[in-house]
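Please read the structure below before turning to the comments.
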Amino acid sequence: GAAVAGTPIFPQRTNTVTAEVLARLLRGEVLTSLDSVFDSSTTRLSAFIFTLNGNGWEIESEPFAAGCKDGRVSWPHKYYLRTEVIAKAGPGAAAWCAAVFKARRDLRRKAAQAEREAARLNAMRRARIASGNPVGQSLNSSSCGRGPLATQAAPVAAHHRSRAAPGPLRPPAR
């Protein structure tokens, strides 16, 4: 839900990237997209910042020049919370942040399992493509979604199917 003016909303679930991004900001960290790839396993920091801003967090965004290996200068952003915004988070913020870091640490313990499951799903996808089946076939079909993370993969697969490009065009059947 949207925040009431002046009342930022903490994410309900503590094991999410959104929660981790907010906890890091409340800890006084300055975040960049590159940092978030390594620290939070996401390439979409700006999307999480957008969500948090929509929930009443006044996150500052400041561009900075970065030299690139291909000879360009790019202007990524760094994100942070002003001291007064951190203070406005209230006395329960420290305990909430501790719960977030614990939940994320617990989730990271499952990283090897998630990597194995991703490798299994990708192998099945490659086999499906090689056999001529449509790329957009559900990960919930009878041949997929049996691994330990299947219950987590199904909603993700449904989300990606809803945004996926259409499959190859075929002439109508006669």
Describe numerically, in nm with one decimal, the distance between label points set 7 Å from Cα along Cα→Cβ at SER74 and at ASP39. 1.8 nm
At a Cα cut-off below 14 Å, give the aspartates and glutamates reachable from LYS88, other chains included and same-chain residues fewer than 8 away excluded. GLU58
Please report, in whole Å³, the volume per residue of the convex hull around the C-alpha atoms of segment 1-104. 96 Å³
Filtered hits (lysines, Cα-Cα < 21 Å from LYS102, offset >= 8 within chain) -> LYS110
Mind checking segment 53-135 for GluC sites (Glu not before Pro) that DSSP puts in a loop (not H, G, I, E or B) and that have at most 16 other Cβ atoms within 10 Å? GLU58
Estimated inter-spin distance, ALA98 and GLU84, nm [label 7 Å along Cα→Cβ]: 2.9 nm
Listed by chain and number, the lysines with an alpha carbon less than 28 angstrom from that of LYS69, same-chain partners under 8 positions apart left out, are LYS78
Net dipole in debye of segment 1-84 [+1 Lys, Arg Cβ; -1 Asp, Glu Cβ; about Cα centre; nearest 20]: 160 debye
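A short reminder: the numbers here are calculations on the coordinates, not readings from a lab. Quick caveat, the model's predicted, so the values are computed rather than measured. All Cβ positions, even for glycine, are placed from backbone atoms using ideal geometry, and neighbour counts span all protein chains on display.
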